[in-house]
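Take a look at the structure set out below.
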Amino acid sequence: MAVGPNVDETDVVVIGAGQAGLSSAYFLRRFGLGPVVLDAADGPGGAWRHRSPSLTMDKVHGVFDLPGVRREAGQEGGRPAAEVVPAYYARYERDLGLAVARPVRVTAVTGSGDGRLVVSSGAGEWAARAVVNATGTWTRPYWPYYPGAGRFRGRQLHYASYRGPGEFAGRRVVVVGGGASALHVLSEIAGVAAATTWVTRRPPVFRGDDFGEDARRAAVALVEERVRAGLPPQSVVGVTGLGYTPVVRAAMAKGALDRLPMFSEITEDGVAWADGTRLPADVIVWATGFRSALDHLAPLRLREPGGGIRVDGTRAVREPRLQLVGYGPSASTVGANRAGRTAAANVRALLTGDATAPAA
C-alpha cells in the first residue's frame, strides 16, 4: 500500500488518551518527539468518564498520578471518580499543552510501501514512522455465553452499564465475576436489592497484605509472561487477588460475600446448576471484565496461534513499528505509566537507530 497524497505524514501517532496514552505522549515529548494524539471520546478522562456515579474516589481500586503533573488529592473521597479523574486528565492535557484530536475513532492501521504505518479514521489519515496503541479495554465488555441466556425474562447488564444501586431496589440480583467490579456492585446493592447472590468460576482469593511495590511488580511479571508467549493477556487484577479495601469490607459487613460456584445454565426466571439446584433471579449483572480493543489492528495480522499478540515489553514482535500500551501488563493503573515510558523509549530508539540512548 502506497501513502496517498491526502495523508498527513508524522513521526509518531498515539491512539488513545487514557492513562497509558497520556503517559506515552508525555515521555515522547520528553524525548523530543511531538506525537499526534488521537482519542475516540469527545472529552478527556479515558474510561473513567463512563464509570458509575456511585464509584467514588474512596472506592476505586487505584488511581496513579500521571507523569509530570501530580493529582491534587484532597477532599475528593466522596466525589465520583467519573468527575474527579476526567478533570485531572483535562488539566494534565492543558498544563502540558497537549493538543488531543477528538473525537477521532481509528478504523484501521495498515502498512505502507515506504515503511510507515497508515492510521485511518473518519477524520483523516496519518502516515507514521511509529504508532503507540493505547485503546484500552472499556469499549469491549466481555459477556461469557451460558446456555439459556436468550430465554431469560429478566434483565441482563454488563458492569460497563452499571450506574448505581437504586435501580435494583426490591430485585433478586445475581452478580457474576470475581474481581473488583463485582465487589463494587455487591457492596452497593446488598441491602437495597431483595436478595444478592455472588457467583464466580473460581473461589476468590483474599489478600491480607498491603500489596506493596514488590508484589505489584510480581503481578505485572505474571501477565508479561503470557503476552511474550502470544497468549491473550490475563487481567493484572486477576492475578493479584482481592485486598481488604473499603469496598470489600462494606460487602462483607452486609453479608454479601457468600460465594457460589458458577451456574451451568440460565433459565427463564433465574439460573441453575448441574446438580439440579435452581435460583430465581430478576437481574444478572455480568462483572466479567473486558477484552482489549484492537480490531483496528487486524490488517497488520498480529495474532498468534494462541490468540494473543506477542509483545516484548511494549513492542509488537511481528510489527516493531507498533507499541502496545494498556495491553496485558499495562492494562491497569499498576503498569500504565511504566509502559508509556518504555514505549516512548522504544520509539525513540527506532526512529534514531540508537537502542542505547538512556531514558529521560
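The values are calculated or read from the model by the stated rules, or taken from the named source; none is laboratory data. Small disclaimer: the values here were computed from a predicted structure and weren't measured. Cβ atoms come from the backbone with ideal geometry, glycine included; neighbour counts cover every protein chain shown.
Side notes on the structure shown:
- For the range 317-360, the candidate set comprises residues that are in contact with a helix residue (DSSP H, G or I) (Cβ under 6 Å, 6 or more places away or on another chain) and of a type in the set (D, E, K, R); within that set, the residue that is modelled with the lowest pLDDT is Arg341.
- Test: residue in the range 250-270 that is polar (S, T, N, Q), in contact with a Gly (Cβ under 7 Å, 6 or more places away or on another chain) and assigned to a loop (DSSP other than H, G, I, E, B): no
- The lone exception for Ala272 - which of (1) within 15 Å of Ala195 (Cβ to Cβ); (2) touching an Asp or Glu at 6+ places or on another chain (Cβ under 8 Å) it fails: (1)
- Subset of the range 74-119 that is exposed (fewer than 15 other Cβ atoms within 10 Å of the Cβ) and touching an Asp or Glu at 6+ places or on another chain (Cβ under 6 Å) - its residue that is farthest from Gly32 (Cα to Cα): Gly77
- Among the candidates Thr288, Thr342, residue that is of a type outside the set (D, E, K, R) and part of a loop (DSSP other than H, G, I, E, B): Thr288
- Residues of the range 164-184 that turn out to be under 18 Å from the mean Cα position of the chain (by Cα) and over 18 Å from Gly270 (Cα atoms), as a count: 7
- Criterion applied to Ala40, Ala25, Ala47 was being surrounded by 21 or more Cβ atoms within 10 Å (Cβ to Cβ) and at negative phi, and the one residue passing it is Ala25.
- Those residues of the range 28-37 which are part of a loop (DSSP other than H, G, I, E, B) and either buried (at least 23 other Cβ atoms within 10 Å of the Cβ) or among the β-branched types (Val, Ile, Thr) (or both), in sequence order: Pro35
- Qualifying residue in the range 312-323 (condition: surrounded by fewer than 20 Cβ atoms within 10 Å (Cβ to Cβ), of a type in the set (Gly, Ala, Ser) and over 18 Å from the mean Cα position of the chain (by Cα)): no
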